[in-house]
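The values are calculated or read from the model by the stated rules, or taken from the named source; none is laboratory data. This is a predicted model, so every value here is computed, not measured. Note: ideal-geometry Cβ built from the backbone for every residue, glycine included; neighbour counts use all protein chains shown.
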Amino acid sequence: MMRIRKSVLLCMLALGCVQTNLQAQKNKPLQIGSNRELFLDQYVVDKMNNVTQELHTPRNEGPVLKFDKPWEGNFSGYSTIIKDGTQFKLYYRGVRDAKGDGNENEVTCYAESSDGINWTKPNLGIYTINGTKNNNVVLSKAAPATHNFSPFLDTNPNAKASERYKALGGVDKTGLIAFVSPDGIHWKKVQETAVFKKGVFDSQNVAFWSESEQQYVCYFRTWSEGGFTQYKGFRSVSRTTSKDFINWTEPVHMTFGDTPLDHLYTNQTTPYFRAPHIYLAICARFMPNRQVLTDEQAKVLDVNPKYFKDCSDAVFMTSRGGSVYDRTFMQSFIRPGIGLENWVSRSNYPVLNVVQTSPTELSVYVNESYAQPTAHIKRYSMRLDGFASLKADFKGGDVVTKPFLFTGKELEINYSTSAAGYVRVEFLDEKGKPVPGYTFKDSQEIIGNEIKRIVSWNGKQDVSALQGKTVKMKIYLKDADLYSFKFN
């Protein structure tokens, strides 16, 4: 009996230690530093009073690129957009009348732009396609990599000049094959054999250099059941990492919190360039057997008969590294547009990457009218950091952040108010008491609509006295949106 009591006591002590450690971790201040923080998850927010987190809908700006070349066509897709300096580069699979994943008819096409809006398809003269070198093909006779060729601009400071661009492509039979390029136009294989094989890969498999993790990260297609190589359950995402882009770690399945599973056809995970520690995932959500078109309507649109029995849209997720996606927003990010041509299988698939197209504007691109003669890419726009916001109505409300440490001398916010609304910021100490000189009464009432505004208290913007101290912010909003904040 004494042994049993002693064991019970030890278990209780151990449980108490675990709970104490968990509480200590919970109370540990966030290390915000000078990172830009957006309200895409619950990382920063502790309490909200009459304030909501709202996902915003991008604005439809219309088609910007048609798949109208003989080597392109109705099954073109798996697109990527890259901004390199002042030039925009667009990559996509070119194929007409698909004959199975990874066939020799698939090529990788290229377009370029100086503004992200007006695109040209240069005659590169690299490959002979349909009897001519006057084409925009950057990769041919490289099947199955051309089925889902997915490039990125390598921001690793140690990357060789000859390997500024990297890419992965391949299917389950071959694994992912690695490519490199000095300019994003002339590509070569890193090696003949695949660099990673443990996946099904029947989608666009994306990779990038992570500044926050200091390694290459790859998010690739698996299914929710049956390990990493079986087609069972829901289309899903797994992750692997590498220090050299050749040797990759054992994969892990991505998790989605307590949210229901969706068929995620593409994951399109990439660091947000204004906050690279936050990975955006603007995914294609696939709804199998959710049919909208009748057979007669499909004939009128000239949709391939195999591609109108389902529908899909774009959804929004985020990650801060590791094996967890945050799905704060379960609703659609970009709904299919008006017109039956938008309600076919595998349409509304987001292009990889979000890019800045003006001093105040982001652009998101989507493949539309899939499996139809009118297949194209459409542009959508939104304000910088404008994916989601903290939002309050006319009654007003407030938000208290978790305790954090920051680095900087001033507080910058991205916000919007009505003419009658405002934003005010108060600093609290770690016990929740207002910090003298930074209270609500001291704070400036901020009115307007700006991407960058420096907050002040009694006419002073300097917050360096709080640097290195554990603080919280209490943000007061009235008929206003707050999109992001950053300490400079």
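Test Ala284 against the stated conditions and say whether it is in contact with a Lys or Arg (Cβ under 7 Å, 6 or more places away or on another chain), at negative phi and of a type in the set (Gly, Ala, Ser). When the stated conditions are applied, Ala284 does not pass them. When you scan the stretch 346-368, how many residues do you find that are without any contact (Cβ under 8 Å) to a residue 40 or more places away in the chain and more than 19 Å from the chain's Cα centre (by Cα)? The qualifying residues number 1.
Which of the residues spanning the stretch 330-345 are surrounded by 19 or more Cβ atoms within 10 Å (Cβ to Cβ) and either in a strand (DSSP E or B) or modelled with pLDDT under 95 (or both)?
Result: Phe333, Ile334, Ser345.
For the stretch 278-303, filtering for residues that are surrounded by fewer than 18 Cβ atoms within 10 Å (Cβ to Cβ), assigned to a loop (DSSP other than H, G, I, E, B) and not β-branched (Val, Ile, Thr) leaves 5. Contact annotation: residue pairs with Cβ atoms under 7 Å, 6 or more positions apart or on different chains, pairing a residue in the stretch 159-185 that is over 18 Å from Lys197 (Cα atoms) with a partner that is of a type in the set (Gly, Ala, Ser) and in a strand (DSSP E or B), are Tyr165/Ser181.
So which residues in the stretch 130-140 are surrounded by fewer than 19 Cβ atoms within 10 Å (Cβ to Cβ) and free of Cβ contacts under 8 Å to residues at least 60 places away in the same chain, if there are any at all? Selection gives Gly131, Thr132, Lys133, Asn134. Out of the residues in the stretch 237-277 that are out of contact with any Ser or Thr (no Cβ under 9 Å at 6 or more places or on another chain) and of a type in the set (Phe, Trp, Tyr), which is surrounded by the most Cβ atoms within 10 Å (Cβ to Cβ)? In this case the residue turns out to be Phe245.
Yes/no matrix, rows are residues, columns are (1) surrounded by 15 or more Cβ atoms within 10 Å (Cβ to Cβ); (2) within 28 Å of Leu362 (Cα to Cα):
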residue: Asn414; (1), (2): yes, yes
residue: Ala419; (1), (2): no, yes
residue: Val423; (1), (2): yes, yes
residue: Thr439; (1), (2): yes, no
residue: Glu445; (1), (2): no, yes
residue: Lys460; (1), (2): no, no
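Give the residue, chosen from Ser238, Ser242, that is in contact (Cβ under 8 Å) with a residue 24 or more places away in the chain and touching a His at 6+ places or on another chain (Cβ under 6 Å). It is Ser238.
Of all residue pairs spaced 6 or more apart or on separate chains, those with beta-carbon atoms under 6 Å, a first member in the stretch 268-279 that is under 21 Å from Glu412 (Cα atoms) and a second member that is modelled with pLDDT of 95 or more and acidic (Asp, Glu) are Pro276/Glu211.
When the stretch 74-93 is filtered for residues that are in contact with a strand residue (DSSP E or B) (Cβ under 7 Å, 6 or more places away or on another chain) and not in a strand (DSSP E or B), only Ser76 remains.
Of all residues in the stretch 119-140, those being in contact with a strand residue (DSSP E or B) (Cβ under 6 Å, 6 or more places away or on another chain), of a type outside the set (D, E, K, R) and assigned to a loop (DSSP other than H, G, I, E, B) number 5. Checked against the criteria, Val217 counts as hydrophobic (A, V, I, L, M, F, W, C), in a strand (DSSP E or B), farther than 24 Å from Ser332 by Cα and under 20 Å from the mean Cα position of the chain (by Cα). Here Ala143, Ala159, Ala207, Ala167 are screened, and the one residue that is among the aliphatic types (A, V, I, L, M), surrounded by fewer than 17 Cβ atoms within 10 Å (Cβ to Cβ) and either in a loop (DSSP other than H, G, I, E, B) or under 21 Å from the mean Cα position of the chain (by Cα) (or both) is Ala159.
Please find, within the stretch 146-156, the residue that is surrounded by the most Cβ atoms within 10 Å (Cβ to Cβ) out of those that are hydroxyl-bearing (Ser, Thr, Tyr) and not in a loop (DSSP other than H, G, I, E, B). Residue satisfying both the conditions and the ranking: Ser150. One residue stands out among those in the stretch 31-52 that are outside any loop (DSSP other than H, G, I, E, B), among the charged types (D, E, K, R) and touching a Ser or Thr at 6+ places or on another chain (Cβ under 8 Å): the one that is surrounded by the most Cβ atoms within 10 Å (Cβ to Cβ), which is Glu37.
Among the residues making up the stretch 27-80, those that are closer than 21 Å to Tyr279 by Cα and among the aliphatic types (A, V, I, L, M) are Leu30, Ile32, Leu38, Leu40, Val44, Val45, Leu55.
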